[in-house]
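Take a look at the structure below.
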Amino acid sequence: MNERGQLTLSSNDIGKRLGVGSHNIRKDLTYLGETGTTGSGYDIKTLKEQISRCLGFDRKRKACIVGLDKTGTAILSNDMFFSKNFDIVAGFDSNINRLETLKIDIPLYPTYDIPVVIRRERIELALLTLSGETAQIVTEKLIDGGIKGIVNFSPVVLSSSDSSVYISNVDIINEFRFLSALFTLDRGEA
């Protein structure tokens, strides 16, 4: 909306777009501090900046990928993952031969170096794309190094012994099941 030249936005407009009542929008936006003027709405640019600041989107965070098989390598090779907010600064794999043969501009390390590299490079986020049997062991290495968040694409549900480390377990099969259930129920295919 800002890019289209719109300068302000009301809580009612936001609520309609999100399917939420305008009173909830106003209440939630008070957590950001002063964001708008009653009756005049919210300055879009200011609101966007405040949301970015409060959610940490105004900072660049370092990330790594653990597991450099087809999925991990595809992600490392995709510029989409090198955004203004995230910088992939390391890749890890237990297969030394794979590390030596990959032609990627990012430094690659064996998994046994995870804690040292995480600390040295101040990496905050990790993406796991490895098999299930080693995922929890690698998770503990990441936590030992000081990682703050993990996106888990491995086929096991991971947990953290440290309550300050956040883990997002992404199960692609369950996501397919969820979507399949939605359109099956929507179309009355049951």
**Message:** Which count do you get for residues in region 53-70 that are modelled with pLDDT under 85 and of a type in the set (Gly, Ala, Ser)?
**Reply:** 1
**Fill in**
For region 50-68 the number of residues that are exposed (fewer than 15 other Cβ atoms within 10 Å of the Cβ) and under 18 Å from Ile150 (Cα atoms) is 5
**Request:** Out of Pro110, Pro115, report the one residue that is touching a helix residue (DSSP H, G or I) at 6+ places or on another chain (Cβ under 8 Å), in contact (Cβ under 8 Å) with a residue 12 or more places away in the chain, of a type outside the set (Val, Ile, Thr) and surrounded by fewer than 16 Cβ atoms within 10 Å (Cβ to Cβ).
**Result:** Pro110
**Request:** Take Asp43 and decide whether it is touching a strand residue (DSSP E or B) at 6+ places or on another chain (Cβ under 7 Å) and acidic (Asp, Glu).
**Result:** yes
**Message:** Given the options Glu34, Glu100, name the one that is in a loop (DSSP other than H, G, I, E, B) and either over 20 Å from Gly149 (Cβ atoms) or at pLDDT 90 or above (or both).
**Reply:** Glu34
**Fill in**
Within region 118-131, residues touching a residue at least 60 places away in the same chain (Cβ under 8 Å) and either hydrophobic (A, V, I, L, M, F, W, C) or not assigned by TED's automatic domain parsing to the domain that holds Gly91 (or both) come out as Ile123, Leu125, Ala126, Leu127, Leu128, Leu130
**Asp186 vs. criteria of a type outside the set (A, V, I, L, M), at pLDDT 90 or above and either closer than 18 Å to Ala63 by Cα or outside the structural domain of Asn95 (by TED's automatic domain parsing) (or both)** = no
**Message:** Out of the residues in region 153-174 meeting the condition of being touching a residue at least 24 places away in the same chain (Cβ under 8 Å) and in a loop (DSSP other than H, G, I, E, B), tell me which one is surrounded by the fewest Cβ atoms within 10 Å (Cβ to Cβ).
**Reply:** Pro155
**Request:** Being in contact with a helix residue (DSSP H, G or I) (Cβ under 6 Å, 6 or more places away or on another chain), within 20 Å of Thr134 (Cα to Cα) and assigned to a helix (DSSP H, G or I) is the filter here, so list the residues in region 48-74 that pass it.
**Result:** none
**Complete:** Of the residues in region 118-152, those that are assigned to a loop (DSSP other than H, G, I, E, B) and basic (Lys, Arg) number 2
**Complete:** Among Ala135, Ala126, the single one that is at pLDDT 95 or above, crowded, with 18+ Cβ neighbours inside 10 Å, within 16 Å of Asp93 (Cβ to Cβ) and touching a strand residue (DSSP E or B) at 6+ places or on another chain (Cβ under 8 Å) is Ala126
**Message:** Take Lys141 and tell me if it is in contact with a Pro (Cβ under 9 Å, 6 or more places away or on another chain) and under 25 Å from Asn85 (Cα atoms).
**Reply:** yes
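The values are calculated or read from the model by the stated rules, or taken from the named source; none is laboratory data. What you are looking at is a predicted structure, and each value in this text was computed from that prediction instead of being measured. A quick note on method: Cβ atoms are made from the backbone with ideal geometry, for glycine too, and the neighbour counts reach across all protein chains shown.
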